[in-house]
Amino acid sequence: MPGGPAIGGLFQQVAAGFPVPLLVGIYPGEIWLSEDGGATWEKTWADDPVFGGNARVYALVSDPQIPGLAWAGLADDYEGYVLRSDDGGRTWERVWQGGGVIDLMLVEGYLAQG
């Protein structure tokens, strides 16, 4: 899709993959993927009904040590969740749900939640 996420949302997080995929998290609770430097975009995650489409992408990170591994932290006003992608952001799996997610960081290959 030309234009991609800038058409419909507020940019919240950007993560550059290694070497190519570009991931962008926007409000409301969407993750978009570009594999051609931003010329075209594909929505690969949209907030699910648990959050009523109101979540925000607070954290988005690609692992520089493990190609294709990416993490996203989303939250609404009450609860948050962490997503994991093993294919560079093409698909996502919910791996944690609980309190709010403020930030995620990779420290020597380990995911830390703040």
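The values are calculated or read from the model by the stated rules, or taken from the named source; none is laboratory data. As the structure is a computational prediction, the values presented were derived from the model and not from experiment. Methodologically, a virtual Cβ is constructed for each residue, glycine included, from the backbone with ideal geometry; neighbour enumeration extends over all protein chains shown.
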Problem set entry | Among the residues listed as Gly98, Gly109, Gly53, the single one being modelled with pLDDT under 85, touching a Pro at 6+ places or on another chain (Cβ under 6 Å) and surrounded by fewer than 20 Cβ atoms within 10 Å (Cβ to Cβ) | Gly53
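Residues are listed down the side, and each one gets a yes or a no for (1) touching a Lys or Arg at 6+ places or on another chain (Cβ under 7 Å); (2) part of a loop (DSSP other than H, G, I, E, B); (3) exposed (fewer than 13 other Cβ atoms within 10 Å of the Cβ); (4) modelled with pLDDT of 85 or more:
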{"residue": "Pro5", "(1), (2), (3), (4)": "no, no, no, no"}
{"residue": "Ile31", "(1), (2), (3), (4)": "no, no, no, yes"}
{"residue": "Thr44", "(1), (2), (3), (4)": "yes, no, no, yes"}
{"residue": "Tyr58", "(1), (2), (3), (4)": "no, no, no, no"}
Seminar exercise, completed: Selection over the stretch 75-95 where residues are at pLDDT below 85 and outside any loop (DSSP other than H, G, I, E, B) yields a count of 3
